[in-house]
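Presented below is the structure to which this report refers.
The values are calculated or read from the model by the stated rules, or taken from the named source; none is laboratory data. This one's a predicted model, so the numbers in the text were calculated from it and none came from an experiment. So basically every Cβ, Gly included, is an ideal-geometry build from the backbone, and we count neighbours across all protein chains shown. These area figures cover heavy atoms from the full protein model, side chains too; ligands, DNA and RNA do not enter into them. Shrake-Rupley method; radii C 1.70, N 1.55, O 1.52, S 1.80 Å.
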Amino acid sequence: MDLDRKEVEKLIITEIKKVEDNISELKELTKPISPENAIGRVSRMDAINNKSINEASLRKAEEKLSKLKVARSKIYDNDFGICVRCKNPIPVGRIMLMPQSNKCVNCA
Ligand SMILES: [Zn+2]
C-alpha cells in the first residue's frame, strides 16, 4: 500500500486553509471587549465568558496550523508517514485523517 503523497499534500493544503479561516474568525471574536460597549452587564459577562472559550480554541487552532505546516514541509521526506516512536509505517487512513500526526495509533 503506497502512500499517495500528492493526495496527502492536497488534503493538508485544504486543512491549512480551513484552520486559517477558523483562526481569523476566532481572532475577530477574541478582540478586547471595551467597557463602554453599549451592551448590558449580563451580555458583557457572556461576552467575557465566550471570549475565554474562543481564546482557548484559538490557541488550539494555531497549534494545529503549525503542525499542519510542518507536516506539509515533510511530505516528500523519506521518513514521512513513519511513526517517530516505533518506526513502523503509519496507516494511510490515519495520515489522511490526521496528517499532522507523526505517530501511529499505538504510540500516539
Ligand atoms: Zn508507533
Of the residues in the range 88-97, those that are away from the ligand (no atom under 11 Å from the Cβ) and open to solvent by 70 Å² or more (accessible area, probe 1.4 Å) come to Leu97
Condition set farther than 23 Å from Lys18 by Cα and within 16 Å of the ligand (Cβ to nearest atom), scope the range 54-87, selection modelled with the lowest pLDDT: answer is Asp79
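Identify, from the list Leu68, Leu11, Leu3, the residue that is in a loop (DSSP other than H, G, I, E, B) and open to solvent by less than 80 Å² (accessible area, probe 1.4 Å).
It is Leu3.
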